[in-house]
Each structure stands twice: as C-alpha cells, then as structure tokens.
Amino acid sequence: MPGNAIARFQNVALLSVASVLPSRVTTSDEIERRLAPSLSRLRLRSGLLRRVAGVLERRNWAEGESVDAATIAAGQRALAEAGVDASEIGLLINTSVTRAHLEPSVAVGLHHGLDLPSSAVNFDVANACLGFINGMSLAATMIESGQIRYAMVVAGEDADEIQVNTIDRLLRGDGDRDAFMSEFASLTLGSGSAAAVLGRADEHPEGHRILGGVTRAATVFHQLCVGSVDGMFTDAKALLKGGLDLVVSAWKEAAGEWDWKSMNRYITHQVSSIHTDAIVKAIHLDRSRVPTTFPRFGNIGPASVPITLVEEQATLHKGDRVLLMGVGSGLNTAMLELAW
C-alpha cells in the first residue's frame, strides 16, 4: 500500500532557509581546457558541459574556506533569520553526501560548531541528492509528534576531490567515449552549504507551512549512479529514463491526495538542462515556474534544493504554493509541499 509513503503535517513550519556559497568560481571552459588532451583524443568538441548539461560554472571552496565552516555559518544565519536561539534546537540532521570520515557522523562536528545543547539529538541522514527533503520530512515528523520544538536540517558539499580525481583519471586513461561519458556527471558537480530551521506553525504564524508530500522508490536501478571521492560513474540514459518513469509514476499516484498541477514554484533538484527539460515535459509543468541554478552553481547534491529555494525566496509571496522535488541515485524520488 502507498499510504506509508505519504506524509501530511498539521502544525509544522519552515522558519528560515539560508546558504553559504564558496568564493572560487570554476568555469566549464576551465575544466575543458584541463581536459583538452582527452577531448582531442576522443574527438569531442569543446563546449560539451555547456551543450549537454547547461552548466556554465560552479563554485569551489577557496583557500581559507571549508565546507564544515560554511555549513556552520549557514546554520547560524538560519537561526538568526528564524529568531531562534541555538539553545532551543532539539534536533540537528546533516544530510550531506560529502564526508571526510566514515565515523563519527558529520553532524557531531556541526553540533559542536553551532554550540547546540547536549539535549539536541544529532545524526546524519544519507540518501544521495534527496537527503535534504528527507531530512525536512523527518524533522517535521518529530516536531509534529511533540518530541522537539525546533529542528535544523543542513547540507554541505565539497566537489573538489572528486573533480580533481576524475580529471586526473580522464587525462591518464585510454578509455573510449562511453568511458568518458560515464564520468561526465562528476564534472557538473559544485560546492555549497545550506541550512533550514523548522518549528511549530502555531508558535510561528509568520513561518511557511510544511503541508506534506510523497516518496517513492525504484531501487532496481540502484547501480545506475555509483559514486565516491574517487569518482561518480553513471549510465546517463538509463538513469534519466528510470528517474523520469519514477517521477511520473509518483506524480500520478499523488494526484489522488495532492493537487500539484498549478504550484507557484517548483524547486527541483538541480542536475542539468536535459534533466530539467525532461521533467517539465514529462509532468507538464509551467517552465516559467521552474527556476534553475545549475548554470551558475552546477549540481550541489542535496544542497541544491535549499540553495535554489534561498535564491527564489525574495520573489515568493505569502500564500504561494511551493513544491520541493527531486530524484536521487538509487533511485528514489520525493516531493514536499510548502505554503509560503
């Protein structure tokens, strides 16, 4: 039964969402200049990242910057914007793909850096690019149940190591075009941090109600996109088809519970122009209501959705309906509605 994949919330609000972006800009032209020997050998025309993905540039952490420090700064900014003191946070969920170690959790260092109380539950939730949406839903469930009053959900991504390793390997290797394209997605990644604070809607009428949403899985496709710091390897065509089929299926099943045909804004996970255009066409969205940040920031993993929401929030008005949505490697999809 699909019921356990449908969530509704009565008294939860998004109080703030904030981001911190790296200062160093890496253009797609710069990456392709580094890869010139491989592109020449494979007879691939320059401008591949622009043409195929629509990614013009992405951010990388500069010297003196770090993903953890930026995520802490994003959390502090979110607290200030929400008007919530760090001592009131009862839950911290880190949803990053990036992690320096297998243990301890990334969350413990962020908990310490944010000076959260010892009573604040803290842990990591990893679900590829869907982590932030999953984290928001989990935090909303704990607020709704009365376990906590306030929660913070964060994500901080650092694409440097995977891109350096990928470029080095592509320059060393003697693989064919298919081998090159299987690593193409690694070249579209970007870095950045985001944080959101959630609380009770009855205590914060100025907040943005989290109404609920759906999740669906198609884990038969769990090997279509496999990544580590050494590289990310994808079957792009099969991944796109499997992801679209899953989104369309979830969209149709959700229609009985939710009316998402005319949202004011669709905040989608940022992958590429091909991915965005395919989703718009598959479920018949109004393209003008689907903002994109991947041309400037690339794919920032689970931080993409909140960073795009940060970029859009100044143009949102009270009463606007906003749908957060994405597909994550595995495959999983999630959709979460906000009443702005």
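Look through segment 278-302, keep the residues that are polar (S, T, N, Q) and open to solvent by less than 20 Å² (accessible area, probe 1.4 Å), and return whichever of them is nearest to Met232 (Cα to Cα). Walk me through it before giving the result.
We begin by selecting, within segment 278-302, every residue polar (S, T, N, Q); these are 288, 292-293, 299.
Narrowing further to those that are open to solvent by less than 20 Å² (accessible area, probe 1.4 Å): 293, 299.
Working: Thr293: 21, Asn299: 13 Å.
Of everything passing the filter in segment 278-302, Asn299 is nearest to Met232 (Cα to Cα).
Listed by first and then second residue, the pairs with beta-carbon distance under 9 Å, at least 6 apart or on different chains, first residue in segment 167-193 and charged (D, E, K, R), second open to solvent by 60 Å² or more (accessible area, probe 1.4 Å) and in a helix (DSSP H, G or I), are Asp174/Arg41; Glu183/Arg169. Determine whether segment 26-48 contains at least one residue that is within 21 Å of the chain's Cα centre (by Cα), open to solvent by 60 Å² or more (accessible area, probe 1.4 Å) and of a type in the set (Lys, Arg). No, because not a single residue in segment 26-48 is within 21 Å of the chain's Cα centre (by Cα), open to solvent by 60 Å² or more (accessible area, probe 1.4 Å) and of a type in the set (Lys, Arg).
Looking only at segment 241-277, filter to residues that are among the aliphatic types (A, V, I, L, M) and open to solvent by 20 Å² or more (accessible area, probe 1.4 Å); which one of those is farthest from Ala185 (Cα to Cα)? Restricting to residues being among the aliphatic types (A, V, I, L, M) and open to solvent by 20 Å² or more (accessible area, probe 1.4 Å), the top hit is Ala255. The number of residues in segment 93-122 that are farther than 20 Å from Ser329 by Cα, outside any helix (DSSP H, G or I) and open to solvent by 60 Å² or more (accessible area, probe 1.4 Å) comes to 8. From the set of residues in segment 146-167 that are open to solvent by 70 Å² or more (accessible area, probe 1.4 Å) and out of contact with any helix residue (DSSP H, G or I) (no Cβ under 8 Å at 6 or more places or on another chain), which is farthest from Val226 (Cα to Cα)? Applying the filter and picking the extreme gives Gln147.
Tell me which residues, restricted to segment 135-168, are part of a helix (DSSP H, G or I), under 18 Å from the mean Cα position of the chain (by Cα) and charged (D, E, K, R). Answer for segment 135-168, where residues must be part of a helix (DSSP H, G or I), under 18 Å from the mean Cα position of the chain (by Cα) and charged (D, E, K, R): just Asp160.
Of all residues in segment 155-194, those that are over 17 Å from Thr293 (Cα atoms), touching a strand residue (DSSP E or B) at 6+ places or on another chain (Cβ under 7 Å) and of a type in the set (A, V, I, L, M) total 1. Tell me, please, whether a residue that is more than 18 Å from the chain's Cα centre (by Cα) and more than 29 Å from Ser191 (Cβ to Cβ) can be found in segment 287-295. No, every residue in segment 287-295 fails to be more than 18 Å from the chain's Cα centre (by Cα) and more than 29 Å from Ser191 (Cβ to Cβ). Apart from one condition, Ser23 fits all of (1) crowded, with 16+ Cβ neighbours inside 10 Å; (2) under 20 Å from the mean Cα position of the chain (by Cα); the exception is (1). Of all residues being touching a helix residue (DSSP H, G or I) at 6+ places or on another chain (Cβ under 6 Å) and assigned to a loop (DSSP other than H, G, I, E, B) in segment 180-221, which is nearest to Ile93 (Cα to Cα)? Just the residue, please. Filtering segment 180-221 for residues that are touching a helix residue (DSSP H, G or I) at 6+ places or on another chain (Cβ under 6 Å) and assigned to a loop (DSSP other than H, G, I, E, B), the one nearest to Ile93 (Cα to Cα) comes out as Gly190.
The lone criterion from (1) closer than 18 Å to Ile300 by Cβ; (2) under 17 Å from the mean Cα position of the chain (by Cα); (3) surrounded by fewer than 22 Cβ atoms within 10 Å (Cβ to Cβ) left unmet by Phe184 is number (2).
Open to solvent by 10 Å² or more (accessible area, probe 1.4 Å) and either within 14 Å of the chain's Cα centre (by Cα) or not polar (S, T, N, Q) (or both) - does that describe any residue in segment 303-310? Among the residues of segment 303-310, at least one is open to solvent by 10 Å² or more (accessible area, probe 1.4 Å) and either within 14 Å of the chain's Cα centre (by Cα) or not polar (S, T, N, Q) (or both), which makes the answer yes.
Within segment 217-240, the set of residues being closer than 27 Å to Val310 by Cβ and either open to solvent by 60 Å² or more (accessible area, probe 1.4 Å) or at pLDDT 95 or above (or both) comprises just one member, Val229. Going by the structure shown, is Asp68 in contact with a Ser or Thr (Cβ under 9 Å, 6 or more places away or on another chain) and over 30 Å from Ile274 (Cα atoms)? When the stated conditions are applied, Asp68 passes them.
The values are calculated or read from the model by the stated rules, or taken from the named source; none is laboratory data. Predicted model only: the values in this text are computed from it and were never measured. In this analysis, Cβ positions are derived from the backbone assuming ideal geometry, glycine residues included, and neighbour counts consider all displayed protein chains. Accessible surface areas use protein heavy atoms only, side chains included; no ligands, DNA or RNA. Shrake-Rupley method; radii C 1.70, N 1.55, O 1.52, S 1.80 Å.
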